[in-house]
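The values are calculated or read from the model by the stated rules, or taken from the named source; none is laboratory data. Source: prediction; values computed, not measured. Cβ coordinates were reconstructed from backbone atoms using ideal geometry, including for glycine residues, and neighbour counts include every protein chain displayed. These accessible areas exclude ligands, DNA and RNA; they are computed on the full protein's heavy atoms, side chains included. Shrake-Rupley method; radii C 1.70, N 1.55, O 1.52, S 1.80 Å.
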Amino acid sequence: MLYIKDNSGSYQPAPKETILAQARRLSASQLRRGALITSPLAAREAVGLKLAGLDHELFACLFLDSRHHVLAWREMFRGTVNRTAVHPRELVREAIDCNASAVILAHNHPSGCADPSREDVELTRALADILKVIDVRVIDHLIVGEEVVSLVESGYFIA
């Protein structure tokens, strides 16, 4: 439990929104240009903090160089409570602009259930095929809900 001091000097439990806002600020350092993504756990922690608790779907990408140093974190597409339209052309354009060699795809499920849908798996495979043409490898697709699920670690996608 995190506590914050109120105007009277008493400590009160921090609201969820305050905790998540602070966590997002801390995660920014993990996603800064040049940071090294050393493991799937590091990726899940950094991305999870950025996408947790949102009331709409957000599809984002962590663009990496060939040694898995962060080039950029981009929030690419905003959706509704249960759907986001992903435009492969825009993803390719951003990967080229970042000079990326690899990418970690990520999106959240506002419902809190991070189980991948059939559409999530199909989208991941389609984007991996498209990005392969420009020599950008999809390392993983992370789905953020109450937990963070890796499609690679769950066996839904082979990087």
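Of note:
- Selection over the range 103-159 of residues that are in contact with a Cys (Cβ under 9 Å, 6 or more places away or on another chain) and of a type outside the set (Val, Ile, Thr) gives a count of 4.
- The range 78-102, residues that are outside any helix (DSSP H, G or I) and either over 14 Å from Leu123 (Cα atoms) or among the hydroxyl-bearing types (Ser, Thr, Tyr) (or both): Arg78, Gly79, Thr80, Val81, Asn82, Thr84, Asn99, Ala100, Ser101, Ala102
- Selection within the range 103-119: residues that are in contact with an Asp or Glu (Cβ under 8 Å, 6 or more places away or on another chain) and assigned to a loop (DSSP other than H, G, I, E, B). The member of this set that is surrounded by the most Cβ atoms within 10 Å (Cβ to Cβ) is His109.
- Any hit, the range 11-27, residues being surrounded by 18 or more Cβ atoms within 10 Å (Cβ to Cβ) and acidic (Asp, Glu): no
- Residue match in the range 128-141 (condition: open to solvent by less than 100 Å² (accessible area, probe 1.4 Å), closer than 15 Å to Cys61 by Cβ, not in a helix (DSSP H, G or I) and not β-branched (Val, Ile, Thr)): yes
- Neighbours by Cβ (under 7 Å, 6+ apart or cross-chain): first from the range 52-69, over 19 Å from Glu146 (Cβ atoms) and open to solvent by 20 Å² or more (accessible area, probe 1.4 Å); second among the small types (Gly, Ala, Ser) and assigned to a strand (DSSP E or B): His68/Ala102
- Given (1) surrounded by fewer than 20 Cβ atoms within 10 Å (Cβ to Cβ); (2) out of contact with any strand residue (DSSP E or B) (no Cβ under 8 Å at 6 or more places or on another chain), number of the condition Gly34 does not satisfy: (2)
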